[in-house]
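Working notes, beginning with the structure itself.
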Amino acid sequence: MSVKKTGEEQKKKTTVSNVLLALIGTLFIFCASVYLVLNIRQIYYFDIDFLKIEEEVGLDDWIIRENYDILINYNLITGQVRELQLPSFPMSDTGKVHFEEVRRIFFGIQYAGAVCLLLFAAGFARKVCRRDFECLRLMALFSVVIPLTVGTAIAVSWRKVFVIFHELVFQNDYWIFDPVTDPVINILPDEFFFHCAAAILLFILIGSAASGILYRMLTQIRRRK
């Protein structure tokens, strides 16, 4: 009986549907992690003091927060900010184009996350009916690869990863801001983006661990029946 069960479980491991569902789940974990970090404004609020941004730009804390909050709301599908206008910083035409491009990327991530959630929920519901939880184990494995790969690259050279990322994602060099024409860059130091990247990788790891724990729990319940 145990041999038969092992054979059945092995077949489930190799199904294409489990792999596809795990990939969808992994993409959801990534999108959700980005969305969470985008919404956790306390990361930036902490960096205002930690990175001494007030001293760098000569503006009060509340003014910096006000402009940052507008930037965040601009990038949220629920933010209700359609046109970016920063009260304390002028922007060049290329600067506006870059922020529009960033907005499209964040919107794409948020919509993709919602679609992946629906697809995964529907697919996983069918798997539960069949008592097949293998997609969770695969999700745990797939999602841990992202932090390990990216984290290793960041550990070697954060600056190089930062540049390569922008060169791959954007088809122009508008992301290279001139502090004279786009002084908003002064309140967005590289170190802040490093902290955001680290937080995203941390949330992905948490998602990976949660998938693995849920897989073990459901598998143990299945074996008791």
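Since every read-out is calculated from the coordinates, none of them should be taken as a lab result. Given the structure is predicted, the values throughout are model-derived calculations rather than measurements. With ideal geometry, Cβ positions are generated from the backbone for all residues, glycine too; neighbour counts draw on all protein chains shown.
Below are the figures for this structure:
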item	result
Hits in segment 207-225 (condition: under 26 Å from residue 150 (Cβ atoms), surrounded by fewer than 18 Cβ atoms within 10 Å (Cβ to Cβ) and touching a residue at least 60 places away in the same chain (Cβ under 8 Å))	209, 212, 214
Considering residues of segment 71-91 that are part of a helix (DSSP H, G or I) and hydrophobic (A, V, I, L, M, F, W, C) only, the residue farthest from residue 36 (Cα to Cα)	71
Residue 122, sole failed condition from (1) part of a helix (DSSP H, G or I); (2) in contact (Cβ under 8 Å) with a residue 24 or more places away in the chain	(2)
Matching residues, segment 140-190, being hydrophobic (A, V, I, L, M, F, W, C), in contact (Cβ under 8 Å) with a residue 60 or more places away in the chain, within 30 Å of residue 90 (Cβ to Cβ) and not in a loop (DSSP other than H, G, I, E, B)	169, 184, 187
Of all residues making up segment 36-50, the number that are over 19 Å from residue 190 (Cβ atoms) and in contact with a Phe, Trp or Tyr (Cβ under 8 Å, 6 or more places away or on another chain)	1
Selected residue (only one of 124, 107 is surrounded by 13 or more Cβ atoms within 10 Å (Cβ to Cβ) and either within 25 Å of residue 208 (Cβ to Cβ) or of a type in the set (A, V, I, L, M) (or both))	124
Flag if residue 214 is assigned to a helix (DSSP H, G or I), touching a Leu at 6+ places or on another chain (Cβ under 7 Å) and either closer than 21 Å to residue 48 by Cα or not charged (D, E, K, R) (or both)	yes
